[in-house]
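Peer 1: Just passing along the structure, written as structure tokens.
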Amino acid sequence: FTPNGDGNNDFFKPIIYGIESYTLQIFDRWGKIVFETDSRSKGWDGSISSSMPAQQDNYTYRVEAVDYLGNNRLFIGSVLLFR
């Protein structure tokens, strides 16, 4: 994704269907959490803190979710941040 403020691909967040609750975590290459949320409306804007943009790199995401039937789901993947 390209968080450059142009309105296209400025946030990374999952598209959620059939999920009652979830947690999204983003990790840097050393395993440090750089972003975490359980809000459906909030996505990662490519920053490590409110004042420091993350470097262009490959990041790992982890989504732990519970569907409406009570089943636990785990999704792990990577996202590439371009600057």
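The values are calculated or read from the model by the stated rules, or taken from the named source; none is laboratory data. Please read all numbers here as calculations on a predicted model, not as lab measurements. A quick note on method: Cβ atoms are made from the backbone with ideal geometry, for glycine too, and the neighbour counts reach across all protein chains shown. Ligands, DNA and RNA are stripped out before the accessible areas are found, and what is left, the full protein with its side chains, is counted by its heavy atoms. Shrake-Rupley method; radii C 1.70, N 1.55, O 1.52, S 1.80 Å.
Peer 1: Leaving out ligands and nucleic acids, and using a 1.4 Å probe, what accessible area per residue does the chain come to in Å²? Spell out each step's value before the answer.
Peer 2: On the way: 5640 Å² over 83 residues.
Computed with neighbouring chains in place, this is 68 Å² per residue.
Peer 1: Still on this structure: Consider all pairwise Cα distances in the chain and report the whole-number % of them above 22 Å. Mind showing how you got there, number by number?
Peer 2: On the way: 833 of 3403 pairs.
Beyond 22 Å sits 24 percent of the P(r) for the chain.
Peer 1: Modelling each spin label as a point 7 Å along the Cα-to-Cβ direction, I'd like the residue 32/residue 17 distance in nm, to one decimal.
Peer 2: 3.8 nm
Peer 1: If you place +1 on the Cβ of every Lys and Arg and -1 on the Cβ of every Asp and Glu, how big does the dipole about the Cα centre of the stretch 1-48 come out, in debye to the nearest 20?
Peer 2: Details: 5 positive and 7 negative charges, 21 e Å.
Using only the charged Cβ atoms, the result is roughly 100 debye.
Peer 1: Multiply the residue separation of residue 71 and residue 56 by 0.36 nm, subtract the distance between their alpha-carbon atoms, and state the gained length in nm to one decimal. If you can, show how the numbers build up before the last one.
Peer 2: On the way: separation 15, 0.36 × 15 = 5.40 nm, distance 3.50 nm.
Extra length from residue 71 to residue 56 when fully extended: 1.9 nm.
Peer 1: Separate question: At 1.4 Å probe size, with the rest of the protein present, what percent of the exposed accessible area of the stretch 1-81 is carbon and sulfur atoms? List each step's numbers first, then the result.
Peer 2: Numbers: 2630 of 5400 Å².
The value for the stretch 1-81 is 49 percent carbon and sulfur by accessible area.
Peer 1: Let me ask you something else. Whole-Hz Karplus ³J(HN,Hα) for the stretch 48-53, in order, using 6.51 cos²θ - 1.76 cosθ + 1.60 and θ = phi - 60°, x for Gly and Pro?
Peer 2: Once rounded to whole Hz, the list reads 8, 9, 4, 10, 10, x.
Peer 1: Follow-up question, since we're still on this one. For residue 54, enumerate residues with amide H under 5 Å from its amide H, sequence gap 5+ or separate chain, H modeled in the peptide plane.
Peer 2: 47, 48
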